[in-house]
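Just below is one structure, and these are the notes that go with it.
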Amino acid sequence: MKYIIAIIQPHKLEEVKAALEAVEVHLITVSNVLGRGRQKGFTEVYRGSREVGLLKKIKVETAVNEDFLESAVNAIETSCRTGKPGDGKIFVIDMAECVRIGTGERGPVAIG
Ligand SMILES: Nc1ncnc2c1ncn2[C@@H]1O[C@H](COP(=O)(O)OP(=O)(O)OP(=O)(O)O)[C@@H](O)[C@H]1O
Ligand SMILES: [Mg+2]
């Protein structure tokens with residue numbers, strides 16, 4: 001079991017959702033987040049001091065069984081790549097457990 005966390009450009013959300021649906025990944029969590037990558041966010045002058053800012057990003061999370069890992073990562077990657085700075089990142093984490101609270105199911109069967 002893996003947990004995929006993708007930090008993407010907000011305007012790519014609809015494309016990512018469609019790309020994930022196309023590979024049968026329907027269960028996702030989406031949040032609005034702030035972040036900065038290696039460009040350290042935009043800088044702005046505020047009362048004379050330079051501030052390092054945070055950019056609006058979208059976080060897309062999905063827990064998947066191993067069979068879906070490659071296709072899910074590829075779906076996010078290909079739908080978000082423009083080649084410009086800020087396209088985003090995908091983090092893949094080993095997931096120890098999943099519990100569907102309503103039934104008590106555990107493990108891979110509880111994921112989807
Ligand atoms: N190492 C990291 N740890 C935590 N969050 C990160 C990390 N790298 C990137 N992020 C998050 O992902 C967002 C998008 O990152 P971004 O695509 O700008 O990566 P980058 O390393 O700067 O590459 P690029 O040069 O293509 O912009 C960041 O705004 C931040 O929220
Ligand atoms: Mg960047």
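The values are calculated or read from the model by the stated rules, or taken from the named source; none is laboratory data. Since this is a predicted model, take the numbers as computed values, not measurements. In this analysis, Cβ positions are derived from the backbone assuming ideal geometry, glycine residues included, and neighbour counts consider all displayed protein chains. Note: accessible area is taken over every heavy atom of the protein model, side chains too, but ligands, DNA and RNA are not part of it. Shrake-Rupley method; radii C 1.70, N 1.55, O 1.52, S 1.80 Å.
May I ask you to list the lysines whose Cα is less than 25 Å away from that of Lys84, ignoring any residue fewer than eight positions away on the same chain?
Lys84 reaches Lys12, Lys17, Lys40, Lys56, Lys57, Lys59.
Can you work out the base-10 log of I(q)/I(0) for the chain at q = 0.20, 0.23 1/Å, using the Debye formula on its C-alpha atoms alone?
At q = 0.20, 0.23 Å⁻¹ the computed log10 ratios are -1.03, -1.24.
Calculate for the chain the 222 nm mean residue ellipticity that helices alone would give, adding -39,500 (n - 2.57) per DSSP H run of length 4 or more and normalising by residue count, nearest 500 deg cm²/dmol.
-7000 deg cm²/dmol
Per residue, what accessible area does the chain have, given a 1.4 Å probe and all protein chains present, in Å²?
Result: 67 Å² per residue.
Between 0 and 90 degrees, rounded to the nearest ten: what's the tilt of helix 13-22 against the longest Cα principal axis of the chain?
On a 0 to 90 degree scale, this one is about 20.
Helix 66-80 against the longest principal axis of the chain: what's the angle in degrees, Cα atoms only, rounded to the nearest 10?
With both axes taken from Cα atoms, the answer is about 30 degrees.
Can you give me the % of accessible surface on the range 2-110 that is carbon or sulfur? Probe 1.4 Å, all protein chains present, nothing else counted.
For the range 2-110, the apolar C and S fraction of the accessible surface comes to 54 percent.
Hey, what did the range 2-110 get for relative contact order, percent, Cα under 8 Å, at least 6 apart?
Over the range 2-110, the number comes to 40 percent.
Mind giving me the nanometre distance, one decimal, between the label points for Ile5 and Ala96, set 7 Å out from Cα along Cα→Cβ?
It works out to 1.6 nm between the two label points.
How far apart, in nm, are the 7 Å Cα→Cβ label points at Val30 and Thr82?
1.8 nm
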